[in-house]
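Following: one structure in structure tokens, then a few remarks.
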Amino acid sequence: MFGCLVAGRLVQTDVQQVASDKFVFNLPDYENINHVVVFMLGTVPFPAGMGGAVYFSYPDLSGAPVWQLLGFITNEKPSAIFKISGLKSGVGGEHPFGMMAVPQIPSVAQVGVSIEPLAQLTQQTPVASATVCTVDSFTQFTQKMLDNLYNFTASYAVSQAQMTPNPSEMFIPASVILKWYENYQRRMAQNPNFWKT
């Protein structure tokens, strides 16, 4: 019913069913995993009104599993990507795998899928750092570039009284850079591909 993908590895479909409504994938060498994708194979849909809460577990210093909610998948949203690299030092919360004796191997993390009612899934709060940014990398780069340009030019700002006359050098008012910065941000928000035209 489910698949799991870690970048640079083969797709895993070797899910272990640990209860009638709970499934677990083992992720060896979890220290080198940044993101994980959990998806439905498309062969068996969730029952009506149900979805899958996705959890991540890794052994803490004592070897006990620490489970954290990543998010969920549904028939309408059959796959999701989660960032797990920042979760390794976190603290787990209440979860349906807590009372189960799911075998845990040191240095092996686990991704669990718990089939739960959709109404319950939408009320749960995933770990904030697990959510993958939805802004594409070009938009992120552009925003960082705009911030850097404005901060760089602002660091050279001087008042007219502080200026030393130099006939061979041109000066641009800081207000002009700020206006360009705001216009560019507005246009990127409206259409990230506006620069292609």
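Take the residues of segment 10-43 that are loosely packed, with under 14 Cβ neighbours inside 10 Å and of a type in the set (D, E, K, R): which is modelled with the highest pLDDT?
Once the filter is applied, the top-ranked residue is Asp14.
Results for (1) at pLDDT 80 or above; (2) surrounded by 12 or more Cβ atoms within 10 Å (Cβ to Cβ); (3) not assigned by TED's automatic domain parsing to the domain that holds Leu27, shown as yes or no for each residue.
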site: Pro106; (1), (2), (3): no, no, no
site: Ala119; (1), (2), (3): yes, no, no
site: Ser155; (1), (2), (3): yes, no, yes
site: Trp180; (1), (2), (3): yes, yes, yes
site: Asn183; (1), (2), (3): yes, no, yes
site: Pro192; (1), (2), (3): no, yes, yes
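Only one of (1) surrounded by 12 or more Cβ atoms within 10 Å (Cβ to Cβ); (2) modelled with pLDDT under 70; (3) over 16 Å from the mean Cα position of the chain (by Cα) is not met by Pro65, so which one is it?
Status for Pro65: all satisfied but (2).
Kindly indicate whether Lys77 is surrounded by fewer than 17 Cβ atoms within 10 Å (Cβ to Cβ), assigned by TED's automatic domain parsing to the domain that holds Gln16 and modelled with pLDDT of 90 or more.
yes
Between a first residue in segment 183-197 that is under 18 Å from Leu149 (Cβ atoms) and a second residue that is surrounded by 11 or more Cβ atoms within 10 Å (Cβ to Cβ) and modelled with pLDDT of 80 or more, which pairs have beta carbons less than 7 Å apart while being 6 or more apart in sequence or on different chains?
Listed pairs, sorted by first residue: Tyr184/Leu146; Gln185/Leu146; Phe194/Arg187.
The values are calculated or read from the model by the stated rules, or taken from the named source; none is laboratory data. Keep in mind that what you see is a predicted model, and the values were worked out from it rather than measured. In this analysis, Cβ positions are derived from the backbone assuming ideal geometry, glycine residues included, and neighbour counts consider all displayed protein chains.
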